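**Student:** Please read through the structure below; I'll follow up with questions.
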Amino acid sequence: MPRLFRLTWLALGFLTTAAAQTAAREMTLTPRTRDPATGQVVTRPLKIDASKVGIVIVDPWNYHWCMTWTEQAGGMTPRMNKALAGARKLGMAVLWAPTDAASMYSGRPQRERAMAFPYLPVPHVRNVQCKWSVVATDACLCGPGVACLVNYGWDGMDPRLEIAEGDLIVSGTQELYSICKAQGITLLIYFGGATNMCLTGKDIGLGPMFAAGLDTFFARDMAFAWTTYDPAKGETPSTGNAQAADDLERSGIPTLVFVDELRKVTLWDDAWVTEPVRVTPAGTTKRPYLFEDAVAVTLEIPFVENARIHYTLDGTEPTSKSPLYQTPITLIASTRLRAAAFREDKQVSLESAGSFTRLPAMPPKPGVPLDSLVPIKDLYTYQSAFLWHPVANHSYENNPLRIRGRNFAQGLGMRAPAYARYDLQPEWSRFVALVGIDDKLLDRDNGANIAQYPSVVFKVIIDGRLAAESPVMRISQVPWRFDVPIPSGSRQLTVVCDDAESRSPYDLGNWVEAGFLLQQK
């Protein structure tokens, strides 16, 4: 082949490949806004170059003080992984923004490369003015009943998220803005949470970036709002999510369904099963939802059409023959719920589960306090200096005994695993106590980076046999209640603070208002 002819074909081949790559990067999005006065939806197709788009994922943390938030926001992970894989194929930049936990990624290439961009001054050209109609609570999304109390226990992103080698982990307005300018990014699409708080208002949120002059879109199907749960009013996390997205549209921030955009360019397979059933409130075996008398449980699957949710309440696997979910389920006893969505007989969701534990009745205060008794002297025998002795009337760290913000004058503080054993007296009829995780670690920055770790199971053993035990207890939960009959002729009783398979140095458990009731004469 003549040289000129060969070069011509090579040039044509190169041009054809370049044209194909350019075509692959070009796509038409279907964002929508909403007339602020009438609420009418306005859709304007937008042709974009995908290489100028960045996906910003805000606060996809590995833990949250609210158990419902933790499970439902974490439930987006399978869908988000698939969506981000499609975004990368289109040439979009993936920018992780774990805000408070960004420093935990120091030394990771994705974080170090983000910090290496030269910082540019950030202009301020406009503001987002969003009037939120979504009801937001201060404490949690669990709704009526026992609320989760605030702590800052996250220390990273959900480990199930797939962070690619070419992604960046960003922190702060100036860093994100500088990266966008350096890489030619003009449009940011936001994933994560919380829609009406962090995702919009934090320094890497769509509010500051919109103010800096970048176009900002919101992915309705890849985010989670900070909202409320009131089944009596039909208010659920899913309705709150939709409401928050509508509020953004009224403010002029376009929203889109990201999966729909990927579907249009054949980068989404509807055969993929990525959606869990959303259980509200959401407790797990490692972090059960504690309730007093009854709890109303709602099941939803907002992004799977024409699906019916089936569930079981006995811990067995749900099938299409299991009870059909129609209205909130009222539980009055401790229950292990499992649920899945089906289309005819085919399962079209991931299975979800919820652990709900009814609190026992509040016990009376003891006539013989535990802290007034001397444990059996064989407590911790050989190498006792290396083991964790209980502390009377103080926490294990010699601080006041404190559970869920309340101080107690009397009791035992332990670091799991630990125990104390006592000789029983014939006149003692019952053992009573309240137990929970010591609150001291919340005193520094609301338990920042560590509040997720304490997990303890409390046990009462009589003559070597388990008489009663708590579920797994976590920080700031309502104290578990023991009221344990002592069989006639019993010799010894042991109170145990056991780690819940975690062996964490933060497994500090307190026994308070603990001791024995006397026989009634």
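The values are calculated or read from the model by the stated rules, or taken from the named source; none is laboratory data. Keep in mind it's a predicted model, so treat the numbers as computed, not measured. Reconstructed Cβ throughout: ideal geometry from the backbone, glycine too, with neighbour counts over all protein chains shown. Areas reflect the complete protein model, heavy atoms only, side chains present, ligands, DNA and RNA absent. Shrake-Rupley method; radii C 1.70, N 1.55, O 1.52, S 1.80 Å.
**Student:** Output yes when any residue across segment 303-312 is modelled with pLDDT of 95 or more and touching a helix residue (DSSP H, G or I) at 6+ places or on another chain (Cβ under 6 Å), and no when none is.
**Tutor:** no
**Student:** Something else: Check off (1) under 30 Å from M27 (Cβ atoms); (2) open to solvent by less than 30 Å² (accessible area, probe 1.4 Å) for V273 and give me the number that stays unchecked.
**Tutor:** (2)
**Student:** Another question, then. Where in segment 278-361 are the strands (runs of 3 or more DSSP E), entirely inside, with at least 3 residues that are at negative phi and surrounded by 13 or more Cβ atoms within 10 Å (Cβ to Cβ)?
**Tutor:** 278-280, 289-291, 295-300, 308-312, 335-343, 352-358
**Student:** Another question, then. Under the condition of being in a helix (DSSP H, G or I) and in contact with a helix residue (DSSP H, G or I) (Cβ under 6 Å, 6 or more places away or on another chain), which residue from segment 208-266 is most open to solvent (accessible area, probe 1.4 Å)?
**Tutor:** Result: P208.
**Student:** Next question. In this structure, does G515 turn out to be over 28 Å from the mean Cα position of the chain (by Cα), within 17 Å of V435 (Cβ to Cβ), surrounded by 18 or more Cβ atoms within 10 Å (Cβ to Cβ) and at pLDDT 95 or above?
**Tutor:** The answer is yes for G515.
**Student:** Can you tell me which residues in segment 470-512 are open to solvent by 30 Å² or more (accessible area, probe 1.4 Å), on the phi > 0 side of the Ramachandran plot and not basic (K, R)?
**Tutor:** G489, E501
**Student:** Looking at segment 446-460 only, could you name the residues that are among the aromatic types (F, W, Y) and over 14 Å from G436 (Cβ atoms)?
**Tutor:** Scanning segment 446-460 gives a single hit, Y453.
**Student:** I've got another one for you. Across segment 413-433, what is the total count of residues that are in contact with a strand residue (DSSP E or B) (Cβ under 9 Å, 6 or more places away or on another chain) and open to solvent by 10 Å² or more (accessible area, probe 1.4 Å)?
**Tutor:** 11
**Student:** D49: of a type in the set (D, E, K, R), under 31 Å from the mean Cα position of the chain (by Cα) and within 18 Å of F217 (Cα to Cα), yes or no?
**Tutor:** So D49 does not fit the description; no.
**Student:** Give E275, E305, E249 a once-over and let me know the one that is within 18 Å of the chain's Cα centre (by Cα) and either of a type outside the set (V, I, T) or under 21 Å from F224 (Cα atoms) (or both).
**Tutor:** Selected residue: E275, the only one of E275, E305, E249 that is within 18 Å of the chain's Cα centre (by Cα) and either of a type outside the set (V, I, T) or under 21 Å from F224 (Cα atoms) (or both).
**Student:** Residues in segment 52-64: is at least one at pLDDT 95 or above, surrounded by fewer than 18 Cβ atoms within 10 Å (Cβ to Cβ), over 23 Å from A339 (Cα atoms) and among the aliphatic types (A, V, I, L, M)?
**Tutor:** No, the conditions are met nowhere in segment 52-64.
**Student:** If I ask for residues that are among the β-branched types (V, I, T), farther than 20 Å from V391 by Cα and in contact (Cβ under 8 Å) with a residue 40 or more places away in the chain, which ones from segment 406-463 would you list?
**Tutor:** Residue satisfying the conditions is I450 alone.
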